[in-house]
1. Sort through MET115, MET170 and tell me the only one that's in a loop (DSSP other than H, G, I, E, B) and either closer than 21 Å to LEU440 by Cα or free of Cβ contacts under 8 Å to residues at least 24 places away in the same chain (or both).
2. Select from the range 301-319 the residues that are surrounded by fewer than 21 Cβ atoms within 10 Å (Cβ to Cβ) and in contact (Cβ under 8 Å) with a residue 60 or more places away in the chain and write down the one among them that is nearest to the chain's Cα centre (by Cα).
3. Can you find a residue that is in contact with a Lys or Arg (Cβ under 6 Å, 6 or more places away or on another chain) and of a type in the set (Val, Ile, Thr) anywhere in the range 97-110?
4. State whether the residues of the range 150-161 include one that is without any contact (Cβ under 8 Å) to a residue 60 or more places away in the chain, surrounded by fewer than 24 Cβ atoms within 10 Å (Cβ to Cβ) and within 26 Å of LEU54 (Cβ to Cβ).
5. Taking the residues in the range 202-220 that are in a loop (DSSP other than H, G, I, E, B) and not β-branched (Val, Ile, Thr) as candidates, determine which candidate is farthest from ASN122 (Cα to Cα).
6. For the range 20-50, enumerate the residues that are within 18 Å of CYS75 (Cβ to Cβ) and small (Gly, Ala, Ser).
7. Sort out for me the helices (runs of 4 or more DSSP H) sitting completely within the range 306-400 that have 3 or more residues that are at pLDDT 95 or above.
8. Quick one: which of LEU23, LEU19, LEU54, LEU71 is touching a Gly at 6+ places or on another chain (Cβ under 9 Å), over 30 Å from ALA438 (Cβ atoms), crowded, with 19+ Cβ neighbours inside 10 Å and among the hydrophobic types (A, V, I, L, M, F, W, C)?
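The values are calculated or read from the model by the stated rules, or taken from the named source; none is laboratory data. Quick caveat: nothing in here was measured; it's all calculated off a predicted structure. As a convention, Cβ positions derive from the backbone with ideal geometry for all residues, glycine included, and neighbour counts pool all protein chains shown.
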Amino acid sequence: MKYISTRGDATPRGFCDILLEGLAPDGGLYLPASYPSIDDATLTRWRGLRYAELAFEILSLYIDDIPAADLRRLCEATYTERTFGSRQITPLKPLDEGVFLQALSNGPTLAFKDMAMQLLGNLFEYELDRRGQTLNILGATSGDTGSAAEYAMRGKKGVRVFMLSPHGRMSPFQQAQMFSLTDANIHNLCIEGVFDDCQDIVKAVSSDLDFKRRHRIGTVNSINWARLLAQVVYYFAGYLQATTNNAQKVSFAVPSGNFGNICAGHVARCMGLPIDRLVLATNENKVLDEFFRSGRYRVRASAETFETSSPSMDISKASNFERFVFDLLNRDAARTADLFGPQLAKQGGFTLTAAEFAPAAQFGFVSGSSTHADRVATIRDTWQRLGVMIDTHTADGLKVARQHLRPGVPMLVLETALPAKFADTIHEALGRAPERPAALQGIEQLPRRFTVLPVDAVAVKRYIETHLN
């Protein structure tokens, strides 16, 4: 299996090369040269597998430069009941008739990002040890990626983490999770802007190929293919739990900000998983909803990016969206490079032609948006009727999911985080605080360690250079 760039660099690379690299040298994102196809017999065979076994089977289709025995061991070490709280790892919880919640947030940081980040930490440590190298991870977070990455990488041999976050724009719990870590290899950098500014800095630093190679800069954001690949597994796991035979289809509703989570669903569908619809849910920052309704992609400026009660989706420039558009354009790398390079830079967005946008329906995408009032109402209704407490982002997903139900097609809503991470809105909706694990009691009162920096890639580079020893 070889990997190519969405912007035309066709130099064939193996999985372990792109694992440590992040962005392609031309600024594009890596994708496999083709998606493996899953036949009926294989899907049937997978029905009896444990999650770790399923992960190994799927990852093996994309990774041929790690010995099978080692890859199996890494999967078994990652997906354990001790780490994720259940034998099924991502169990389904029935809500309304035909609607299920797929639990993805029972990992160490109470967010779905743990599902991929725990594997990524093990993969990084394995490959760096094999090469005798070190890696300096540069990432950006709107809330959950940061803590998931830091908890997965803390103490890992040969790895340092430099995590950018928008200063003051995460929930108190999210900030406490990240900033209370005192591990020497963890650095939290608060950028005086919004998430998109943080993400732009990561891309700017990663695009400086001399700096990137000299200081061995890698990424953990979903621009890293390995992270997205790990997320593909739980789409298969959810489908296999919700169905009894391969003739059945299911739909997935996915709260979406950076398009990484739902892009994994797109990959699973391209592999042949019987997905009916991929329901994309946004909050008030509805750039992606606007695209799937019109073919127009318009990035908002920082001043136009709303600060909402589902802050991990307060994003107006979706990094992973380029992967989908590349596939939508029948893998036309030149057109993709123009759209996400000059047009995005000069015009702040682009509009696909009618012919280019027409195939979008064939990929199964539908979309919708949610407001703060919708979130509060959905959280309250789900608790009062069903006795299930959900977080604000999951509420966005459930609200939009109900608009796209089809008779006889199970709808799986992907849980984004546990309610404990967003206590203020839960209290507003229910008049009570959400429960949290004993280990995280009082986390907001712990000492914090972070550095505030301006929206300036040079300042971030300077910080990295002075903290490498």
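1. Sole residue among the options that is in a loop (DSSP other than H, G, I, E, B) and either closer than 21 Å to LEU440 by Cα or free of Cβ contacts under 8 Å to residues at least 24 places away in the same chain (or both): MET170.
2. Residue satisfying both the conditions and the ranking: GLU307.
3. No: zero hits.
4. Checked the range 150-161: at least one residue is without any contact (Cβ under 8 Å) to a residue 60 or more places away in the chain, surrounded by fewer than 24 Cβ atoms within 10 Å (Cβ to Cβ) and within 26 Å of LEU54 (Cβ to Cβ).
5. This residue is ASP208.
6. Passing the criteria: only GLY48.
7. Correct list: 321-328, 333-338, 354-357, 372-386.
8. None of the other options fit; the residue is LEU19.
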